[in-house]
Amino acid sequence: MNEPLKIKGIVVNAANWGDNDKMLTALTKEKGVITIAAKGVKSLKNKNAPSAAPLCYSDFVLKKSGDAYSLVSADVIESFYALREDVINLSYGVYFAQLAAFSVGRDNFAEDEIRLLLNSLYMLCKYPERRDVLKCAFELKLCEYAGFAPYMESCSCGEEGVYFDVSSGEMVCPIHRTEHSRKLSPYAVKVFQYVQNADLKETLTFDVDTSISNEVSLLTEEFLSHQLGRLPKGLEYIKKINI
Ligand SMILES: [Zn+2]
């Protein structure tokens, strides 16, 4: 029997599909990234329409159809509506969701990533002025949850590491630096180390000058790009609006 699946998920992407429908990409705890055909949700009168918005976190009831699911019903748990009132905040939120989805993929358990994403979106709603520091914290914690936390101690030869290698995620000394090694400030090293030892709450509330968080973010983006093979489109948009 094809029993309906009850699952909580956050909409990462909502693509238009025909005149009335949307194809949703959602991140779920139990099944990682899933695709949901959501019929009729382009009409605002449709009772499931609120759940088909980007970043909306909902209780979904789904039916399996091939590789995808079709939407039976949905109830909003948290809409993160405040993010949709400002295009810049929304773009940060969408980037967070896209990056979490990239790192999880399909058919993987994503409890930590969902918790990180939901808490980060909550903080972004509450403290939008901290979005760049939040971005830095989100990216670093995601590396850890995805199983490739940077190693921020000495170089493997025992010498002091003064460069961060964005390919291996390790600190290296001047002798063992490669084309992928980037110089980083002592403050940036402290941020990497702080987040590694911090729990989720400490990670999302730590305070640092934006110039430092941006330095860490640039390195983390490059490192994530090496690990994941690509970065979400949402990052390009953030770069454009920050010029
Ligand atoms: Zn070395």
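Rounded to the nearest 10 degrees, the angle from helix 210-228 to the longest Cα principal axis of the chain is 70 degrees. Placing pseudo-labels 7 Å out from each Cα toward the beta carbon at VAL61 and ARG84 gives an inter-label distance of 2.3 nm. Return the lysines within reach of LYS42: Cα separation strictly under 17 angstrom, same-chain partners fewer than 8 residues apart disregarded; answer none if there are no such residues. LYS42 reaches LYS22. If you average the C-alpha positions of segment 156-196 and of segment 1-28 separately, how far apart do those two centres end up, in angstrom? Using only Cα atoms to place each centre, the spacing works out to 41 Å. Pairs spanning more than 20 Å between alpha-carbon atoms, out of LYS6/LYS63; LYS29/LYS126; LYS8/LYS63: LYS29/LYS126. As a proxy for reagent exposure, ILE243, ILE34, ILE238 were ordered by neighbouring Cβ count within 10 angstrom, fewest first; the result is ILE243, ILE238, ILE34. Listed values for segment 49-63 are Karplus-derived 3J(HN,Hα) couplings in whole Hz (6.51 cos²θ - 1.76 cosθ + 1.60, θ = phi - 60°), namely 4, x, 7, 9, 8, x, 6, 6, 9, 9, 8, 9, 10, 10, 10, and x replaces Gly and Pro. Counting neighbouring Cβ atoms within 10 Å and putting the fewest first, the residues CYS136, CYS173, CYS143, CYS157 line up as CYS157, CYS173, CYS143, CYS136. Mean silhouette area of the chain, derived from the convex hull of its C-alpha atoms and averaged over all directions, reads 14.4 nm². On a straight-distance basis, which aspartates and glutamates could pair with LYS45 in a cross-link, Cα separation under 18 angstrom, same-chain partners fewer than 8 positions away excluded? Cross-link targets: ASP19, ASP21, ASP75. Its Cα gyration tensor gives segment 188-243 an equivalent ellipsoid; the semi-axes, largest first and in whole Å, are 21, 15, 11.
Placing unit charges on C-beta atoms (Lys and Arg positive, Asp and Glu negative, everything else neutral), compute the dipole magnitude of segment 82-241 about its Cα centre in debye, rounded to 20. Intermediate results must be reported in sequence, preceding the final value.
Numbers: 17 positive and 24 negative charges, 103 e Å.
My answer is approximately 500 debye.
222 nm [θ] for the chain, helices only, -39500 (n - 2.57) per DSSP H run of 4+, per residue, to 500? Using -39500 (n - 2.57) per qualifying helix, the result is -13000 deg cm²/dmol. Neighbour counts of other Cβ atoms within 10 Å put ARG106, ARG230, ARG130, ARG115 in the fewest-to-most order ARG230, ARG106, ARG115, ARG130. Taking each residue as 0.36 nm, the span from ARG182 to TYR194 lengthens on full extension beyond its C-alpha to C-alpha distance by 2.4 nm.
Values in this text are rule-based calculations from the coordinates and carry no lab data. These numbers come from a predicted model, not from an experiment. Reconstructed Cβ throughout: ideal geometry from the backbone, glycine too, with neighbour counts over all protein chains shown.
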